[in-house]
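Okay, structure first, notes after.
Any read-out appearing in this document is the output of simple, stated calculations on the displayed coordinates, not a laboratory observation. No experiment lies behind these values; they were computed from the predicted model shown.
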Amino acid sequence: MNSTNSSKPPSSDWLAKPPPTSMRRRSGRKPGKQPGTSGTTLSQVAVPEVPHFPHPGVPTTPAPQQGQ
């Protein structure tokens, strides 16, 4: 039953609809790297570098002095 042939509200119709199916086809390729190549990972360091993010509007280099 749905809202067209019963006293149910239209908002309850979505429960009876099947989920949409994708029209895209699988390419057949497997995910991941090419076989035979070595994987690369970053190694851990003892003391990591801390990135410096300056505040917006603050110049990162000192301004040249006038009159020198």
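Stretched out straight at 0.36 nm per residue, the stretch from Met23 to Ser38 would grow longer than its current Cα-Cα span by 1.9 nm. Rounded to the nearest Hz, the phi-derived 3J(HN,Hα) couplings of the range 39-45 under the Karplus curve 6.51 cos²θ - 1.76 cosθ + 1.60 (θ = phi - 60°) are x, 10, 9, 7, 8, 6, 10, where x marks glycine and proline.
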